[in-house]
1. Which links in LYS114/LYS141; LYS119/LYS204; LYS27/LYS114 stretch past 21 Å when you go from one Cα to the other?
2. Any idea of the accessible area per residue across region 165-236, 1.4 Å probe, to the nearest Å²?
3. Among SER246, PRO44, ILE87, flag the residue with its Cα farthest along the positive direction of the charge dipole of the chain, charges on Cβ as +1 for Lys/Arg and -1 for Asp/Glu.
4. What does the net charge come to around ARG175 if you take all other residues with beta carbon closer than 13 Å to its beta carbon, with K and R at +1 and D and E at -1?
5. Using a cut-off of 15 Å between beta-carbons, work out the net charge of the residues near THR117 (Lys and Arg +1, Asp and Glu -1, THR117 not included).
6. Divide the volume of the convex hull of the Cα atoms of region 1-148 by its number of residues and quote the answer in cubic angstrom per residue.
7. For region 205-216, take each phi angle, set θ = phi - 60°, evaluate the Karplus expression 6.51 cos²θ - 1.76 cosθ + 1.60, and give the result in whole Hz per residue in order, putting x for glycine and proline.
8. Please state the charge dipole magnitude for the chain, taken about the Cα centre, from unit charges on C-beta atoms (+1 on K and R, -1 on D and E), reported in debye and rounded to the nearest 20.
Amino acid sequence: MLRIKSGPIGVFDSGYGGLTILNEIRKVLPEYDYIYLGDNARTPYGPRSFEVVYRFTKQAVFRLFEEGCQLVILACNTASAKALRTIQQQDLVAWDGDRRVLGVIRPTVEVLDKLSTTKHVGILGTAGTISSCSYELEIAKMFPHITVSGEACPMWVPLVENNEFHSPGADYFVRKNLDELFLKDGQIDTIVLGCTHYPLLIQKIRQYLPDGVTLFSQGERVAESLKDYLFRHPEMRNRLTKGQNSRFLTTESAEKFSETASIFLSEDISVEQISID
Ligand code: DGL
């Protein structure tokens, strides 16, 4: 069905947040070509059901495959939590068993045991990521001795998307959600920013964090994990084109994407509007 046997790395997110992951990946693996796809017309995914997030994510991944991508990173935690497994186990085989889709949750979880001394970890994410318990399940498999508490922060994505992440409103919601997380477990010494948008709130989060708590932002880790994956999988590495080009696709207006993407990227980009449903 999908015949092209070489092409770029695809990076998918429900909106702009995945640009924080793309930035880190391009720092570590600058030689490859990339296609970023933001489903901005249907963002946010956070409050949506499993079925809907799966359907939207499947459409996006298929489109990236049609564009020639051989490997797609689901930069979005919500999509990784709700759609990755089904796509890997059901859809990939039907489309092209040689292509791959990877998420952001597993590489993040892999480093938590090293980061935490108290073995009490907090996860901040969208309502969808937290209610899926994906982090808890993955941590229980790898590090059953770690206690995990999740806190949904439904206002944080809108604050970032609306460029309000330095506003007093951001202070209010950041403090509120952190207080609620520490009420659940006062022994937490490591907090995962389990949403691609949250790194933009990092200064505010640090301001309200108790001393000695490590804040873990997953971009660098996802990039390192991808580098390691490609090192271990020459068959995939050899399918990836190396032209140092990045294309940007959005399901919303291209103009709007370029404008907001400038919060996340320090370069001028050209953007194409596409439809994936
Ligand atoms: N990018 C998504 C994530 O990492 C959050 C944005 C959304 O709700 O769509 O979970």
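1. Those over the limit are LYS119/LYS204; LYS27/LYS114.
2. 49
3. The one lying farthest along the dipole's positive direction is ILE87.
4. So the environment of ARG175 carries a net charge of -1.
5. Net charge around THR117: -2.
6. Output value, Cα hull per residue: 112 Å³.
7. With coefficients 6.51, -1.76 and 1.60, one gets 4, 4, 4, 9, 8, x, 4, x, 9, 8, 9, 10 Hz.
8. Charge dipole, the chain, about its Cα centre: 660 debye, nearest 20.
The values are calculated or read from the model by the stated rules, or taken from the named source; none is laboratory data. Predicted, not measured: the structure shown is a model, and the values here were computed from it. Neighbour counts are summed over all protein chains in view; Cβ atoms, including those assigned to glycine, are modelled from backbone coordinates with ideal geometry. Please note that ligands, DNA and RNA were not included when accessible areas were found on the heavy atoms of the full protein model with its side chains. Shrake-Rupley method; radii C 1.70, N 1.55, O 1.52, S 1.80 Å.
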